[in-house]
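First comes the structure, then the notes that go with it.
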Amino acid sequence: MASITVYCEGKSGSHDYDILYKVTDGLNVTLQPIGGVRGANAIMKFIEGGTTQSDFYLFFRDRDFDCPVSETEKLYFDGNRTYYSYRTTIENYLFDVKVFYTFLQEKKLQDKYKLHSEEKVQNMFIEIAKTIKDYQAVRHTLGELRTSISFGTTWTTGSGELPKELDLNSCKREAWKLIEYAKKNANWTEEVFQATLQKYLDKFDNVFFDNLMFFIFYQGKDFAKAITNKLEGFPIEEYYKFAKEKFDYTKFEDLVELRKIIETNK
């Protein structure tokens, strides 16, 4: 039987690790967390050059804003060892209307947050998603325009820390500052910036929200922060734990694809 190692972000007990544990259940696969994505290839080569020496290995990571969202629900492969999730971050896989409502029921939180049905939860998710629409559109724009690590996709301290001002003009202003501070690139013009941004603003229309597509496109930590801003005192870490216990990878075509890739190489 082939020796297979699946490398991932985070550490043992992280969302990445716990979700991949379910994806690879029964496959006799070694899960190896390596922290962040920077230097991942070098880290894997170092480990594989030592005592591990897998017959087959790959790295599964968040897509984040580092590659485009595919038109179909599938992994993005870099041509080497890295497979990117279809959804923006691993947290995106844990948000689900039914699971969220079940959590509220089990924790007896429906009255506190006035959420007494799945429909009300869904409407709340849509309402929250609309409040950070412009910020998410700008983050996708920055991700598409940048090359390597020329500039970040946020002017805050990081994902999960929302700007104080979420209106479109404020987000555009702060985003353009990031581009201006970076080394100049012929493609980094205000016209290109505006055209790219408009593409995402157009994509984030009423159909996008009605179909809950923000579960795919939004940065999961940002969406979680927006939830806790809306629902004061909401126990987000307890929810994550609950959602991981209920998690079913077969509902996600890209995760099913990942399992098949591993099975093929056994």
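The values are calculated or read from the model by the stated rules, or taken from the named source; none is laboratory data. Note that the structure is predicted; figures quoted are calculated from it, not measured. Every residue, glycine among them, receives a Cβ derived from its backbone with ideal geometry; neighbour counts consider all protein chains shown. For the accessible areas, the whole protein counts, side chains as well, though only heavy atoms, and no ligand, DNA or RNA atoms are used. Shrake-Rupley method; radii C 1.70, N 1.55, O 1.52, S 1.80 Å.
Structure data summary
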| quantity | calculated |
| --- | --- |
| Long-range HN-HN contacts of Gln32 with modeled amide H, under 5 Å | Val6, Tyr7, Cys8 |
| Between region 132-187 and region 42-116, the alpha-carbon center distance in angstrom | 23 |
| Accessible surface of region 190-266 [probe 1.4 Å, protein heavy atoms]: carbon and sulfur percent | 47 |
| Carbon plus sulfur fraction of accessible area for region 1-128, probe 1.4 Å, in percent | 46 |
| Magnitude of the charge dipole, the chain, Cβ model with Lys/Arg +1 and Asp/Glu -1, debye to 20 | 400 |
| Vicinal HN-Hα couplings computed from phi for region 76-89 (Karplus, 6.51 cos²θ - 1.76 cosθ + 1.60; Hz; Gly/Pro x) | 10, 9, 7, x, 10, 10, 9, 10, 9, 5, 5, 6, 4, 9 |
| Greater than 25 Å apart at Cα, pairs in Lys107/Lys225; Lys130/Lys246; Lys164/Lys230 | Lys130/Lys246 |
| Check: region 76-189 dipole with +1 on Lys, Arg Cβ and -1 on Asp, Glu Cβ, in debye | 200 |
| Other-chain or far-sequence residues with amide H under 5 Å of Tyr83's (modelled H) | Phe59, Phe60, Arg61 |
| Helical mean residue ellipticity (222 nm; -39500 (n - 2.57) per DSSP H run of 4+; nearest 500) of the chain | -14000 deg cm²/dmol |
| For Leu145, solvent-accessible area (1.4 Å; no DNA, RNA or ligand), Å² | 30 |
| Karplus-derived 3J(HN,Hα), 6.51/-1.76/1.60, for each residue of region 150-160, Hz, glycine and proline x | 4, 7, x, 10, 8, 9, 8, 6, x, 4, x |
| Region 203-216 - phi-based ³J(HN,Hα) in whole Hz, Karplus 6.51/-1.76/1.60, Gly and Pro as x | 5, 7, 9, 5, 5, 4, 6, 4, 8, 6, 5, 5, 4, 8 |
| Probe 1.4 Å, all protein chains present, accessible-area order of Lys114, Lys164, largest first | Lys164, Lys114 |
| Cα centre as origin, Lys/Arg/Asp/Glu Cβ charges: region 212-265 dipole, Debye | 80 |
